[in-house]
Amino acid sequence: LMIGLAMLTVGNFLGGVWANESWGRYWSWDPKETWALVTIIVYAVVLHLRFIKSIYNDFNYSVISLMAFTSVLMTYFGVNYYLAGMHSYAKGDPVPIPDFVPISYAIVFVIIILAFRNRKLA
């Protein structure tokens, strides 16, 4: 997670440099830029949770890391198709949410519940 967060942060800064060269400003609060920032903040929170001993254990860290990945999915797929902006394809008719999205979330939550029941308490 540390390497991924560092790469995401560097990529966001380099995107700002590119935007300044292209459009004359580093940041325009476009949905893609904003969600990239949200993803950086989410992963920074996940990494810093390990310092809170009352909530940190391997199971909680794994579940929180898995849930944090949804911010990456929103940044790279959701923004492109559901939010209008410079980086999106959402200019015309609204794209329906595919059926596999709620099914995937249900499967993930079932797996988390099963893992919770079978986790090691020691």
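Compute, for the stretch 2-117, the length of the dipole vector about the Cα centre, with Cβ point charges of +1 (Lys, Arg) and -1 (Asp, Glu) only. Units Debye, rounded to 20.
Using Cβ point charges on Lys, Arg, Asp and Glu, the stretch 2-117 gives about 300 debye.
Which of the DSSP-defined H helices in the chain satisfy a minimum axial length of 24 Å, computed from C-alpha atoms, and a minimum mean Kyte-Doolittle hydropathy of 0.0?
Flagged H segments are 2-23, 31-48, 100-117.
What FRET efficiency, computed as 1/(1 + (r/R0)^6) with R0 = 22 Å and r the Cβ-Cβ distance, is obtained for Asp99 and Val38, rounded to the nearest 0.05?
So the FRET efficiency works out to roughly 0.30.
What is the distance, in nm, between label points placed 7 Å from the Cα along the Cα-to-Cβ direction at Ala115 and at Ser28?
Roughly 3.9 nm, to one decimal.
Every number here is computed from the coordinates shown, using simple stated rules; none is lab data. Just so it is clear, the structure is predicted and the values come from calculations on it, not from any experiment. Don't worry about glycine lacking a Cβ; one is built from the backbone with ideal geometry, like all the others, and counts go over all protein chains shown.
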